[in-house]
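Trainee: Handing you a structure now.
The values are calculated or read from the model by the stated rules, or taken from the named source; none is laboratory data. Since we're looking at a predicted model, the values are computed, not measured. Don't worry about glycine lacking a Cβ; one is built from the backbone with ideal geometry, like all the others, and counts go over all protein chains shown. Keep in mind that these areas ignore ligands, DNA and RNA; they rest on the heavy atoms of the full protein, side chains included. Shrake-Rupley method; radii C 1.70, N 1.55, O 1.52, S 1.80 Å.
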Amino acid sequence: MDAWDEYTEKVMDHYEHPRNVGIVENPSGIGVVGNPACGDVMKLSIEVKDGIIVDARFKTFGCGAAIATSSMVTEMIKGKSLEEALRVSNKAVAESLGGLPKVKMHCSVLAEDALKAAIDDYYKKQKQENKK
Amino acid sequence: MKSIYMDHHATTPLDPEVLAAMMPYLTEEFGNPSSSTHEWGRRARKAVEAGRAQIAESIGAEPDEIIFTSGATESDNLAVKGVALSAAGPKGRIITQATEHKAILDTVRYLEKVGYEIYYVKLDSYGLIDLEDLERNITPQTFLITIQAANSEIGTIQPIAQVGACAKAHGVLFHTDAVQAIGKMPINVNSDQIDLLSLSAHKIYGPKGVGALYVRKGVKLAPLIHGGGHERGMRSGTLNVAGIVGLGKAAEMAHRERDQETRRLLKLRERLANGIRAKIDQVQLNGHPQQRLANNLNFSFAYVEGESLILACREVALSSGSACTSSSLQSSYVLRAIGVPDSLAHCSIRFGLGKSNNEEQVDFLVDLLATNVRRLREMSPLYDMAREGIDIENFSWSKHDHEH
């Protein structure tokens with residue numbers, strides 16, 4: 001089944017012109033989730049200053065929906081505090097894209113998981129810093 | 001550039017000559033070929049028999065060995081279940097292999113559930129069957145071998161003449177699903193020693209909804225569809241006259257044009273393969289390098305997920321073995337059966353060349369692929385990891401469950 005004839009204009013826009021591709025210059029946290037055997041892997045890096053995500057960039061191996069949700073989540077978390085960012089759900093990401101085809105909803109879970117993993121990584125690094 | 005159709009394993013456009021041959025039977029010639037009491041019926045019967053003769057001629061069969069069906073799925077079902085249900089004695093063994101079309105795989109799985117034994121012949125990494133393994137596993141209980149002529153995803157051509165000889169030597173019936181092979185390679189039911197053969201009209205520029213099963217004289221089949229005793233009792237139901245005329249015409253044309261068109265497709269295929277290899281690195285060919293259909297290529301573009309690449313190249317109609325193009329979220333069972341790792345199966349693209357494709361389109365596609373593979377690799381974390389020398393297959397990935 002072709003799901004992508006059901007992609008919204010917003011999904012296509014973020015797929016064609018993904019925002020924030022790459023790795024932030026000074027990563028405060030990095031999350032890598034997914035599995036190439038499952039067909040999608042997302043790497044999200046964030047730069048945090050005074051509890052605020054000042055930059056976020058992604059690299060994604062995955063279908064059109066995975067790339068679009070990756071791009072969208074970076075847009076949504078930039079400028080947010082870590083607490084606010086943690087409240088960004090996969091559903092919110094999908095909604096911001098005008099919805100995803102049902103079979104593609106798992107792609108938005110990948111984005112949420114990557115976000116949590118990056119923030120986790122940031123907290124872990126903070127702890128290590130504090131121990132020093 | 002106008003959209004380009006390059007998915008000819010899925011289906012082909014109806015040839016205008018075929019449509020022209022069919023038209024009278026969709027309009028004024030509406031007779032039922034079973035009506036023997038008037039001209040309308042007799043003219044319809046004549047058209048059906050002409051179609052039967054054309055199909056028979058194209059595979060070296062006799063006209064009365066051709067049974068019309070609704071398509072190759074029905075032909076496969078009729079061949080396998082028909083033979084199984086007519087075979088006397090206890091439920092025996094059927095030999096097949098793992099890259100068959102689902103019309104075969106689902107049918108033998110069903111028969112397995114009701115007590116038959118199924119053996120899947122070993123395959124090499126190109127998808128070729130192991131003939132020794134085949135012969136070793138023919139038991140006294142074996143009554144049918146069903147091996148496709150060529151695969152629709154990876155194009156691998158099976159050694160059907162050898163399978164036929166082996167089946168004959170052991171007194172076992174041999175069925176082949178020749179849907180993808182018709183018109184692209186010579187097939188003769190006598191020299192290849194085939195007892196049953198499935199074919200479909202819409203893969204050879206004919207209409208959808210019509211196919212045929214060749215049944216060698218003397219082979220007994222139990223019908224799946226009972227009714228008015230049409231097709232010598234093996235397949236009841238009023239005949240699809242226009243469809244049969246179309247199938248006959250399409251088979252005749254495919255047979256007549258085969259050598260010339262195959263040579264043209266081979267050249268086009270090599271142009272596409274060479275173009276891809278010259279402009280894109282880290283590509284893997286899936287399927288056999290030589291023993292493959294003239295119109296088929298299947299490449300995995302490492303680190304680039306297939307659906308995203310198809311989406312990027314959507315001016316060209318292609319297909320992928322990626323899970324993201326299937327509703328089951330499973331990667332291609334064919335690629336998995338020949339040992340292609342999932343991570344590469346997701347990156348596979350199938351190219352199915354056909355009559356309408358030309359060099360200009362192939363060159364356009366090569367450039368389109370090169371541009372977008374580059375773009376998507378720049379976006380791919382796997383590409384970075386590979387460049388850093390990290391082994392992607394053995395990296396400890398997080399478990400990612402698709403069933404959220």
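Trainee: Which distance in nm do the two modelled labels at A:D50 and A:K125 give, with both placed 7 Å along the Cα-to-Cβ direction?
Mentor: Here the answer is 2.0 nm between the modelled labels.
Trainee: Kindly point out, ordered by number, any Cys in the protein assembly as shown whose beta-carbon has no other cysteine beta-carbon under 4.7 Å away.
Mentor: A:C38, A:C107, B:C166, B:C313, B:C347
Trainee: Let me ask something else about it. Give, in whole angstrom and from largest to smallest, the semi-axes √(5λ) of the equivalent ellipsoid of region B:157-268, with λ running over the eigenvalues of the Cα gyration tensor.
Mentor: In descending order the semi-axes read 25, 22, 9 Å.
Trainee: May I pose another question? Hey, rough spin-label estimate for B:K208 and A:E6, points 7 angstrom out along Cα→Cβ, what's it come to in nanometres?
Mentor: 1.9
Trainee: Over all pairs of distinct alpha carbons, what does the Kirkwood formula give as the hydrodynamic radius of region B:94-164, in Å?
Mentor: 12.5
Trainee: Okay, moving on. Given the protein assembly as shown, what whole percent of its Cα pairs are spread farther than 39 Å?
Mentor: So the pairs more than 39 Å apart make up 37 percent of the total in the protein assembly as shown.
Trainee: Let me know the Kirkwood hydrodynamic radius for region B:132-204, please, with Cα pairs as the basis and the value in Å to one decimal.
Mentor: Evaluated over region B:132-204, this radius sits at 12.6 Å.
Trainee: If R0 is 35 Å, what FRET efficiency do you get for B:D259 and B:D130 from their C-beta distance, rounded to 0.05?
Mentor: The formula returns an efficiency of 0.70 here.
Trainee: Next question. Given the convex hull of the Cα atoms of chain B, what is a quarter of its surface area in nm²?
Mentor: Directional mean of the projected Cα hull area for chain B stands at 22.1 nm².
Trainee: Another question about this same structure. With charges only on Cβ, +1 for K and R and -1 for D and E, what is the dipole size of region B:258-392 about its Cα centre, in debye, rounded to 20?
Mentor: So the magnitude is around 500 debye.
Trainee: Working from Cα positions, state the angle (0 to 90°, nearest 10) between the long axis of helix B:359-378 and the longest principal axis of chain B.
Mentor: For B:359-378 against chain B, the angle is about 40 degrees.
Trainee: Follow-up. What percentage of all Cα-Cα pairs in region B:258-392 are separated by more than 17 Å?
Mentor: 59
Trainee: Provide the net charge surrounding B:R42, with neighbours chosen by a C-beta distance below 14 Å and charges set as Lys +1, Arg +1, Asp -1, Glu -1.
Mentor: 0
Trainee: While we're on this one: 222 nm [θ] for the protein assembly as shown, helices only, -39500 (n - 2.57) per DSSP H run of 4+, per residue, to 500?
Mentor: That comes out to -13000 deg cm²/dmol.
Trainee: Then there is this: Of all the C-alpha pairs in region B:1-94, what % are more than 16 Å from each other?
Mentor: 73
Trainee: Let me ask something additional. So for B:L285, B:L134, what's the accessible-area order with a 1.4 Å probe, most first?
Mentor: These residues rank, largest area first, as B:L285, B:L134.
Trainee: Please identify every one of the chymotrypsin sites (Phe, Trp or Tyr not before Pro) in region B:96-185 that sits in a loop by DSSP and has no more than 15 other beta carbons within 10 Å of its own beta carbon.
Mentor: When the chymotrypsin sites (Phe, Trp or Tyr not before Pro) of region B:96-185 are filtered for loop state and at most 15 Cβ neighbours within 10 Å, nothing remains.
Trainee: When chain A is treated as a GNM, springs tying every alpha-carbon pair under 10 Å, which of A:A68, A:A37, A:A92 comes out with the largest mean-square fluctuation?
Mentor: Greatest mean-square fluctuation among the candidates belongs to A:A37.
Trainee: To the nearest whole number, what is the average tally of beta carbon atoms from other chains within 10 Å of the beta carbons of peptide B:332-344?
Mentor: For peptide B:332-344, the averaged partner shielding equals 1.
Trainee: Sticking with this structure for a sec: Give me the mean projected area, in nm² to one decimal, of the convex hull enclosing the Cα positions of region B:16-255. It would help to have the intermediate numbers written out before the result.
Mentor: On the way: hull surface 50.1 nm².
That works out to 12.5 nm², a quarter of the Cα hull's surface.
Trainee: Also, I was wondering about something else. Placing unit charges on C-beta atoms (Lys and Arg positive, Asp and Glu negative, everything else neutral), compute the dipole magnitude of region B:16-255 about its Cα centre in debye, rounded to 20. Each step should come with its number before you reach the end.
Mentor: On the way: 23 positive and 26 negative charges, 111 e Å.
The calculation lands at about 540 debye.
Trainee: Is there a pair in B:K184/B:K249; B:K102/B:K203; A:K78/A:K125; A:K49/A:K80 whose C-alpha atoms are over 18 Å apart, and which pairs would that be?
Mentor: Result: A:K78/A:K125 exceed 18 Å.
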